[in-house]
Amino acid sequence: MSGKIRIILADDHAVVRDGIKAVIRRMGENIAIVGEAATGKEVLEIARDKAVDVFVLDLEMPELDGIETIGRLNERHGPVKVVMLSMYDEKILVERAIRAGARAYILKESAAEEIIKAIEEVYSGGYFFSPKISGYLAQEFLHEPRDKGSRSLDTALTGRQTEILKRVCQGLTEKEIAYELNISPNTVHVHINNIMNKVQIHNKAGLIKYAIKMGFVQL
């Protein structure tokens, strides 16, 4: 194992793990799997006792998902190197993964062709993205001035609206926000409607996605 890239492979589907292991055995002679996990909590347990160079994490796992697992790993071990596996290519998910600290995001449909390169690139300090998403990612995430939208959104909102929007993005209900800010639920509702009118988005899900994309909140 000396000199090999040590990885933990985490996916709640054994068939996915088996497929990736088969590829690594066949093509990744410089990679050693030092642990396997089906949940984010299992990743944390293994990482306590094993030296790991790269974490290969499924985005959707029981107990702790890939995003939450990165956060816990960073808290315990400092910045870790992560390859994120996912079935989904939605921009919002890719952005969340990268903000959390993932340096690679590959789709499961192409993992067999891309996993070795992704692990090697991340281990070397680089980035790797499945070709299906790398085009729009370069245009709309990496090359976009992230603070521009944030500043314009921040300027458009009052201080109270800013406090409320951040709590909406944290998943709080109008009643919970009202309790935290010591105002009435009706006042919270009016503020949320005013925020939506300012950004021309008229549902909470769209508002949250917009706030994240503009860099207004960090997930």
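The values are calculated or read from the model by the stated rules, or taken from the named source; none is laboratory data. Predicted model, so just to flag it, every value in this text is computed and none were measured. All Cβ positions, even for glycine, are placed from backbone atoms using ideal geometry, and neighbour counts span all protein chains on display.
For the reader, a short list of remarks on this structure follows.
- Counting only helices (runs of 4 or more DSSP H) that fall entirely inside the range 132-196 and contain at least 2 residues that are more than 19 Å from the chain's Cα centre (by Cα), modelled with pLDDT of 85 or more and within 30 Å of Ala102 (Cα to Cα), the qualifying elements are 159-169.
- Applying a threshold of 8 Å to beta carbon distances and a minimum spacing of six or more residues, or different chains, the list of pairs starting in the range 172-195 at a residue that is under 16 Å from Gly206 (Cα atoms) and ending at one that is outside any helix (DSSP H, G or I) and among the aliphatic types (A, V, I, L, M) reads Ile195/Leu157.
- Within the range 16-43, residues that are in the same structural domain as Leu73 (by TED's automatic domain parsing) and farther than 12 Å from Ile115 by Cα have Cβ atoms under 6 Å from residues that are among the small types (Gly, Ala, Ser) and crowded, with 18+ Cβ neighbours inside 10 Å in these pairs: Ala37/Ala10; Val43/Ala10; Val43/Ala37, counting only partners at least 6 apart in sequence or on another chain.
- Contact annotation: residue pairs with Cβ atoms under 7 Å, 6 or more positions apart or on different chains, pairing a residue in the range 106-124 that is within 16 Å of Glu29 (Cα to Cα) and surrounded by 18 or more Cβ atoms within 10 Å (Cβ to Cβ) with a partner that is hydroxyl-bearing (Ser, Thr, Tyr) and modelled with pLDDT under 95, are Glu114/Ser130; Glu121/Tyr127.
- Entry remark, the range 81-105: residues being of a type in the set (D, E, K, R) and in contact (Cβ under 8 Å) with a residue 60 or more places away in the chain number 4 in total.
- When residues of the range 77-97 are limited to those that are outside any helix (DSSP H, G or I) and out of contact with any Lys or Arg (no Cβ under 8 Å at 6 or more places or on another chain), the one surrounded by the fewest Cβ atoms within 10 Å (Cβ to Cβ): Gly78
- Boolean, Gly206 is part of a loop (DSSP other than H, G, I, E, B), among the small types (Gly, Ala, Ser) and not assigned by TED's automatic domain parsing to the domain that holds Glu90: no
- Of the residues making up the range 29-76, those that are assigned to a strand (DSSP E or B) and farther than 17 Å from Ala104 by Cα are Ala32, Ile33, Val34, Gly35, Glu36, Ala37.
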